[in-house]
Structure formats: structure tokens, C-alpha cells
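Quick notes on the structure that follows.
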Amino acid sequence: MTRTVRPLPVRLAGGTALLLLCAGCISVPPAPDLDISEPASTEFRAPASGEPVSAEWWQSFSDPALAGLVERALRASPALRGADFSVAEAEALLRLAILESGPTLSSRAGASAGRQAGAASSRIDASANAALTAGWEFDLFGRLAASIEAARLDTVAVRELRRDIAVSIASETALAYVNLRGAEARLDVARRNVGAQEESLELVRSLFDNGRVTQLDLERAETQYRTTLASLPVFEADREAALSRLAALTGLPASAPGSLPEELLASPGEVPVLSAPIAAGTPEDLLRRRPDIRAAEARIGSALALGDVARANLFPTLTLNAGVSGLLRNRGQAISGTTIGFDIGPAISWSGPDLRQVYARIDASDARTGRLAADYENAVLNALAETETALTDLLTEQRRTPELEAAVAAARRAADLATLRYREGLDSYLGVLDAQRTLLDAEDRLALNRIETARRAIRAYRSLGGIWTDEELGAFRAG
């Protein structure tokens with residue numbers, strides 16, 4: 001009986017066809033069906049302007065010093081520079097994923113020289129070899145395209161995280177500035193009260209020397225004066241802490257000559273006040289604008305793409321390989337067909353037929369996608385709650401301001417009246433002390449209200465995420 005031997009290419013083609021046939025019978029798990037709910041409301045519960053949030057929201061305070069500090073911090077912050085490197089890393093990984101989808105080329109070369117042990121001749125044999133290989137994977141099942149998409153969305157997420165850092169830096173700088181001006185305001189209130197109480201103490205001493213008041217009145221006056229005087233170092237320490245924080249945020253040492261603290265102390269200012277109602281936009285705008293939500297959304301897309309990569313690993317990978325190699329020895333032969341070789345042909349690799357590990361990776365990827373989807377919904381709910389709370393807190397503090405201003409005016413009139421009645425001998429000095437304490441407390445409460453109103457406005461803007469797009473942020477920092 002005659003046996004027919006099939007040529008090698010025919011046998012390879014047959015094996016390839018069989019492998020592809022087996023792969024065609026694979027069951028591919030469906031991608032996760034994500035049902036992510038979005039808020040249906042068109043406005044916030046807390047009263048606020050429906051106008052879009054200003055990119056440079058700090059301009060709403062009409063304070064040039066505040067605007068200058070925020071802009072300086074956004075240009076000079078070390079934290080943002082670190083975020084720049086994270087973005088550069090993500091962009092490099094994206095380029096790597098794109099390059100991996102195209103042809104690859106590699107080379108190697110080597111040389112050796114030696115003499116065999118025990119050889120009769122002392123001749124040294126030398127040889128050199130070199131090879132150049134190329135490969136190209138055909139993306140039959142979308143694995144490479146999915147890898148590129150995952151890398152692209154990872155880059156989007158990192159960019160949004162950088163923008164989130166910029167939002168935090170802008171708000172932290174504004175808060176530190178408010179703390180500075182707030183400490184100065186409370187220090188001014190305390191100093192003015194110290195001056196008034198010192199005058200009262202001198203008056204009581206004069207009257208005591210003339211026998212018109214008792215030792216008790218004198219001791220009460222001095223207690224009030226010393227207590228108020230003792231509050232000054234506390235406010236001074238708060239002012240220094242705010243200056244140091246501002247210096248760190250703007251990337252400058254606080255102790256350098258001509259530094260930021262000296263600039264700010266040379267030009268004291270008031271606590272910044274909003275010059276217009278806060279612009280909040282709509283809840284839908286919030287979801288499109290907040291960088292943490294946008295980053296969470298990009299992470300979901302990246303996870304879905306990685307799930308497609310895991311599913312593509314169920315199928316064979318087809319690669320076209322080609323190579324040229326050469327070998328030369330010191331035997332006098334010239335470069336010829338016997339010293340140069342080449343090879344070209346397809347290669348198929350497959351994780352099957354045992355695909356349990358691949359299915360396990362798919363399950364892990366789908367579970368991760370589900371977790372990220374839950375994280376996204378949680379981020380949306382927290383963002384809406386945070387914004388509603390911030391807007392409500394701001395409105396509450398603003399509503400307190402007129403009453404506190406009226407209380408300060410009444411306390412001043414009461415202090416003047418108590419001092420007058422004491423001088424005329426109609427009341428004891430206890431009434432003066434009580435009126436001065438009330439005035440100090442009312443003025444300090446008003447200062448705290450103005451500080452807290454500015455703080456809550458900044459926190460509201462921070463919760464709204466109102467600061468540029470990534471491209472606009474880059475252009476601003478380069479300007």
C-alpha cells in the first residue's frame with residue numbers, strides 16, 4: 001500500500017483550520033449590563049442661581065489679592081506638578097498600547113572566539129551572528145483595539161484627577177486667604193475692645209483713687225481688660241498659620257525675604273464677600289463638570305474595555321513573523337546563501353483548550369466593572385448631597401448676617417449708654433462690664449459670620465467643581 005505524505009504547508013493549514021474550528025465553539029460571556037441611574041431633577045433644592053458656574057469662581061469675591069493668590073497657586077503648586085507627571089505616564093502607556101498594535105521590529109547580534117580543548121592546532125575559531133526579526137499581530141477579535149481604548153480612558157481619568165487636584169488647590173488657597181483675613185478681622189475687633197477697656201480701666205483707677213468706686217469695681221475692670229488682652233496672641237497665631245499655609249500652597253517659603261507673608265501683611269484687607277449670588281447651574285451640569293465623577297465614569301469605560309480584552313483571550317492570536325539571520329566564521333567563506341537564512345510565516349497561539357483561567361479573569365474583570373459602577377453611583381449621590389448641603393449651609397449663614405449686624409449696632413449703643421450712666425453715678429460699673437462683654441461678643445460673632453459665609457461659599461464652589469476643562473486648565477497654567 002502506498003502512503004501519501006502531505007506537504008508541510010498543507011498540514012499546517014489543516015492544523016490551523018482545526019484550531020480555529022475549536023475556537024469557534026467557545027461560549028463568550030456577555031458584557032456586564034450596567035443600569036446606572038442619573039438624577040431626574042432639573043434644579044437644586046437649595047435656592048441658587050441657575051447660571052453656569054464660572055470657571056474662575058474666585059473672581060466672584062471681587063478681591064484682587066484673593067484672585068492673585070489662587071492663580072499663583074495653580075501655576076506653582078508642587079501637587080499639580082506631580083499630577084503632570086501622572087498624566088505624562090498615562091499618555092506614555094497609551095502610546096505604548098498603540099505601538100503594540102502595529103508591526104514590531106527587533107534585532108540581535110553576537111560574536112565569539114575560542115579554541116577547542118585538546119585540539120592539535122592552535123588556531124582560534126571566531127564567529128559572528130546577527131538576526132533581524134519582525135512580527136505583526138492581526139487583531140481578529142479586537143484585543144488590541146480594546147487595550148488601546150482602556151489606555152485612552154485611563155488617560156482621561158488621570159487628567160480628571162489632575163483637574164480635581166486643581167479644584168482642591170484653588171479652594172484650599174481661597175480658604176487659607178479667608179482664614180488670614182478672618183484672623184485679622186477678629187484681631188482688629190479684640191484690639192479695639194482692648195483699647196476701649198483700657199480707657200475704662202484708667203477711668204476706674206482714677207475714680208478709685210478719689211474714693212468714688214470700690215476695689216471690687218477696679219478688679220472687675222482689670223479682669224475684663226486682661227482677659228480680652230489674652231485673646232490677641234490666639235488670633236495672631238491663627239494669622240501666622242494662614243500665612244504659612246498660603247506660602248506652601250503657592251510654592252514659596254514663608255521665611256524668605258520679600259515673601260508672600262510680607263506682601264499680605266503690608267496690605268491688610270477685609271474678609272472677602274460674594275459680590276453676586278452663587279451660580280450653581282443644574283444637577284445635570286454638576287455631573288458633567290465635577291472631575292471626580294468624570295474620572296469615575298472614565299474608569300468604568302476602561303474596565304469595560306479590559307473586559308473585552310479578557311474575552312478576546314478566549315480566541316487564538318494570529319501573528320505574522322519574519323526574520324533574517326546571518327552566521328560568519330573565520331574560514332574564508334564570503335557572504336552567500338549558506339551564511340544567510342530567513343524565515344517567514346504565521347504563528348497561532350491559544351490558551352485553550354483549557355480556558356478555565358481565562359473565564360476566571362473575565363469574571364474578575366466583570367466584578368471589577370460592577371464595583372466601579374457602584375462607586376460611580378455612590379460618587380453621584382455624594383456629589384449631589386454635598387452640593388445641596390453646601391448651598392443650604394451658605395444660605396443659612398447669609399440669613400444670619402442682618403440680625404448679627406443689628407445686634408452689633410444695639411450692643412454699641414448699650415455700651416455707650418452704660419458708660420454714660422456710670423459716669424453720672426446712676427449705675428454701678430458692673431453694667432459697663434456687662435455691656436462691654438456683650439459688645440465684644442457681638443462684634444466677634446459678626447466677624448465669625450462673615451468668615452464662615454466666605455468659607456461656605458468657597459466650599460459650595462468646590463462641591464460644584466467649577467474650574468475649567470482640562471484643556472483650559474493647561475492653557476491657564478501655561479499663560
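Matching residues to (1) touching a residue at least 12 places away in the same chain (Cβ under 8 Å); (2) surrounded by 22 or more Cβ atoms within 10 Å (Cβ to Cβ); (3) in contact with a Pro (Cβ under 9 Å, 6 or more places away or on another chain); (4) not hydroxyl-bearing (Ser, Thr, Tyr):
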residue: Asn179; (1), (2), (3), (4): yes, no, no, yes
residue: Gly182; (1), (2), (3), (4): yes, yes, no, yes
residue: Val189; (1), (2), (3), (4): yes, yes, no, yes
residue: Asn193; (1), (2), (3), (4): yes, yes, no, yes
residue: Gln197; (1), (2), (3), (4): yes, yes, no, yes
residue: Leu207; (1), (2), (3), (4): no, no, no, yes
residue: Asn210; (1), (2), (3), (4): no, no, no, yes
residue: Arg220; (1), (2), (3), (4): yes, no, no, yes
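Filter the stretch 399-457 down to the residues that are farther than 24 Å from Thr389 by Cβ and of a type in the set (S, T, N, Q), then identify the one that is farthest from the chain's Cα centre (by Cα).
So the residue we want is Ser428.
State which residue pairs qualify: first residue closer than 14 Å to Glu137 by Cβ and inside the stretch 85-114, second residue in a helix (DSSP H, G or I) in any location, beta carbons under 7 Å apart, and separation of 6 or more residues or different chains.
Pairs found: Ala97/Ser147; Ala97/Ile148; Ala97/Ala151; Ile98/Ile148; Glu100/Leu144; Ser101/Leu144; Ser101/Ile148.
Quick one: is Leu391 closer than 30 Å to Ala379 by Cα, buried (at least 18 other Cβ atoms within 10 Å of the Cβ) and at pLDDT below 85?
Working: closer than 30 Å to Ala379 by Cα: yes; buried (at least 18 other Cβ atoms within 10 Å of the Cβ): yes; at pLDDT below 85: no.
No.
Looking at Arg399, Arg368, which one is charged (D, E, K, R) and more than 26 Å from Leu439 (Cα to Cα)?
Step by step, each of Arg399, Arg368 is checked, and only Arg368 is charged (D, E, K, R) and more than 26 Å from Leu439 (Cα to Cα).
Go through the stretch 293-314 and count every residue that is over 16 Å from Arg371 (Cα atoms) and not basic (Lys, Arg).
Final tally of qualifying residues: 6.
Would a scan of the stretch 351-368 turn up a residue that is exposed (fewer than 13 other Cβ atoms within 10 Å of the Cβ), over 30 Å from Ala298 (Cβ atoms), modelled with pLDDT of 90 or more and more than 34 Å from the chain's Cα centre (by Cα)?
no
The values are calculated or read from the model by the stated rules, or taken from the named source; none is laboratory data. This structure is a prediction, so every number in the text was calculated from the model and none was measured. As a convention, Cβ positions derive from the backbone with ideal geometry for all residues, glycine included, and neighbour counts pool all protein chains shown.
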